[in-house]
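Below: the structure, in structure tokens.
The values are calculated or read from the model by the stated rules, or taken from the named source; none is laboratory data. All figures in this text were calculated on a predicted structure; none of them were measured in a lab. Every residue, glycine as well, gets a Cβ built from its backbone with ideal geometry; the counts of neighbours run over all protein chains shown.
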Amino acid sequence: MEVRVLGLGHIGLPTAAACAARGLKVLGIDRDEKVIANAREGLHISEPGLAEAVRLAVASGNLRFSSKVEPGDVFIIAVPTPITPDYCCEMEHVVKAVESILAVLREGDTVLIESTVGPGDTASTVQPLLEKAGFVVGKSVYLAHCPERVMPGQVMQELVDNPRVVGGVTPACSVRAAELYRRISRGEIILTDSTTAEMVKLTENTFRDVNIALANELVKICNHLRINGLAVIEYANMHPRVNLHQPGPGVGGHCLAVDPYFIIEKAPELSPLIALSRRINSSMPSYISDFVAKLPLAAGATLSILGVSYRGNIADVRESPGLKVVDNLSRLGFKIRIHDPHAKPKGYDLYSLEEALTGADLAVVLADHAEFRTLSAKTFRNLMRQSQILDTKGIIDVKAFLADGVAVWNLGTLNKSCSFFPEVAATGKGARP
Ligand code: SAJ
């Protein structure tokens, strides 16, 4: 089976390496020569195990790279589908990628769309491109949507272990598409239609976005009621059928912060809950910066920002709520010193932990990197001018820090007078992010 992977990004490159590791002959294709040069080293994406997997695949002779499409048996489309300014799914890259294979497509070939698209898009946008080129989809070529569902940071393992939903535009397409996934996946392979597969993917991320919006709304309500919202969530999650997610500074990344809009686009009148959840999560950076603005800090005080990637332990800053908080705080006139052991956002100055904390008036934790979980109260106390922390990710042991002379707010205690037992500030452990 000769596989062609179009788009060597966060999904395409790991997928190409995973296919090659299973003995398939793979050509990774990208129109950007720089991406191809980097891909050979497995370097342009920071993902544990990826560089090594690419190196091994290239050394085995199973993985090659090119900017030109070649004939093959299976074409995997893994190009970006950004969101347009009016919150729709931008299909331009998918269309161009599919058009680029038409000249080499042969009878019996399979085209797999892994890019996240709106419900119905594979059948309404991609199928006509193949038909216009003279193919009969489901007979002379096969077309399916098989969404990627891997978590950044554990992509190499999840690519192989996660179940795959294979949605053909005809039943024959599903059967053909499943052949590839049976070769590379240990997870269950579920056969369905393409619109269902598209909706499954979007539903997974929308479920998380709506759940997180509820958690964020709950902490706002609890701060208003002067009770600890993190404790409420932690204790409620002890019920066997409750699974509230973790409140935080907002929702980032290119999945949860984007995918719900692709559902709204197709049924705006029917999706008020999904739309409202997006608005609630998008309001969180301002909720955090408004709180900081109300603290008795001197004008131009120095804030030490711990973590700006959109999620813990990764370098990705796409749609990062942490950076939105930083931008708000800069506009308010605070001096900002960012420390992030993973991310290197363009246009922002970065500092070592010591530089960031020395002389600072408030530390703001905006990403739950593992490195921050082991910091001691002493580090903050010794370096900061005023040793106080706003922990938006619920990772600081409030009780221990308070006992060690460091003031801590978290999302459960933004209304400081709320704590009935100030030391019982929940850790957020009960939430299952
Ligand atoms: N977040 C919270 N509270 C939580 C969980 C997450 O505020 O309880 C925030 C994170 O901090 C982050 C954002 O939400 O800013 C997104 O985080 P995430 O943990 O959902 O991770 P993603 O977006 O990197 O990956 C998701 C995953 N989807 C699901 O778990 C259903 C992943 O499996 C998908 O492959 C990926 O989206 C994708 O590509 O669609």
(Q) Yes or no: the stretch 286-303 includes at least one residue that is away from the ligand (no atom under 16 Å from the Cβ), at positive phi, at pLDDT below 95 and touching a strand residue (DSSP E or B) at 6+ places or on another chain (Cβ under 7 Å). (A) yes
Q) Residues in the stretch 39-59 that are of a type outside the set (Asp, Glu) and at pLDDT below 90: how many? A) 7
Q. Going by the conditions given, is Asn228 within 13 Å of the ligand (Cβ to nearest atom) and either under 24 Å from the mean Cα position of the chain (by Cα) or touching a residue at least 24 places away in the same chain (Cβ under 8 Å) (or both)?
A. no
(Q) Restricting to the stretch 201-210, name every residue that is surrounded by 18 or more Cβ atoms within 10 Å (Cβ to Cβ) and among the polar types (S, T, N, Q). (A) Asn205, Thr206
Q | Complete set of residues in the stretch 222-272 that are surrounded by fewer than 21 Cβ atoms within 10 Å (Cβ to Cβ) and charged (D, E, K, R) | A | Arg226, Glu234, Arg241, Glu265, Lys266, Glu269
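In the set Val308, Val325, which member is in a loop (DSSP other than H, G, I, E, B), under 30 Å from Pro82 (Cβ atoms) and at pLDDT 95 or above?
When all the criteria are applied, what remains is Val308.
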Q: Could you tell me which of the residues Asp327, Asp290 is surrounded by fewer than 17 Cβ atoms within 10 Å (Cβ to Cβ) and more than 21 Å from the chain's Cα centre (by Cα)?
A: Asp290
Q. Of the residues in the stretch 160-177, how many are assigned to a helix (DSSP H, G or I) and surrounded by 20 or more Cβ atoms within 10 Å (Cβ to Cβ)?
A. 4
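Restricting to the stretch 349-405, what's the tally of residues that are among the aromatic types (Phe, Trp, Tyr) and over 29 Å from the mean Cα position of the chain (by Cα)?
Total meeting the criteria: 2.
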Q.
For the list (1) at pLDDT below 95; (2) of a type in the set (Lys, Arg); (3) within 11 Å of the ligand (Cβ to nearest atom), I need the number of the one condition that Arg208 fails.
A. (1)
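One line per residue, one yes/no per condition, for (1) farther than 23 Å from Leu180 by Cα; (2) more than 25 Å from the chain's Cα centre (by Cα):
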position: Ile29; (1), (2): no, no
position: Lys34; (1), (2): yes, no
position: Arg40; (1), (2): yes, no
position: Glu47; (1), (2): yes, no
position: Val54; (1), (2): no, no
position: Val58; (1), (2): no, yes
position: Asn62; (1), (2): no, yes
position: Phe65; (1), (2): no, yes
position: Lys68; (1), (2): no, yes
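Looking at Thr192, Thr196, can you tell me which residue is away from the ligand (no atom under 16 Å from the Cβ) and in a strand (DSSP E or B)? Before you say what the answer is, go through the steps one by one.
Working: Thr196 fails: in a strand (DSSP E or B).
Going through Thr192, Thr196 in turn, the sole match is Thr192.
Suppose we filter the stretch 356-371 for residues that are crowded, with 22+ Cβ neighbours inside 10 Å and either touching a helix residue (DSSP H, G or I) at 6+ places or on another chain (Cβ under 9 Å) or farther than 16 Å from Ile288 by Cβ (or both); how many remain?
Matching residues across the stretch 356-371 total 10.
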(Q) Considering only the stretch 240-248, I want to know if a residue exists there that is of a type in the set (Gly, Ala, Ser) and either in contact with a Cys (Cβ under 7 Å, 6 or more places away or on another chain) or more than 10 Å from the ligand (Cβ to nearest atom) (or both). (A) no
Q: Take the residues in the stretch 328-344 that are of a type in the set (A, V, I, L, M) and not in a helix (DSSP H, G or I), then tell me which one is farthest from the ligand (Cβ to nearest atom).
A: Leu332
Q: Determine whether the stretch 356-367 contains at least one residue that is within 12 Å of the ligand (Cβ to nearest atom) and over 17 Å from Gln388 (Cβ atoms).
A: yes
Q) Looking only at the stretch 135-164, which residues are among the aliphatic types (A, V, I, L, M) and more than 12 Å from the ligand (Cβ to nearest atom)? A) Val136, Val137, Val141, Leu143, Ala144, Met156, Val160
Q: All but one of (1) more than 15 Å from the chain's Cα centre (by Cα); (2) assigned to a helix (DSSP H, G or I) hold for Ala299, so report the exception by its number.
A: (2)
**Q.** Matching residues, the stretch 91-120, being closer than 20 Å to Cys255 by Cα and either among the polar types (S, T, N, Q) or surrounded by 16 or more Cβ atoms within 10 Å (Cβ to Cβ) (or both)
**A.** Met91, His93, Val94, Leu112, Ile113, Glu114, Ser115, Thr116, Val117, Gly118, Pro119
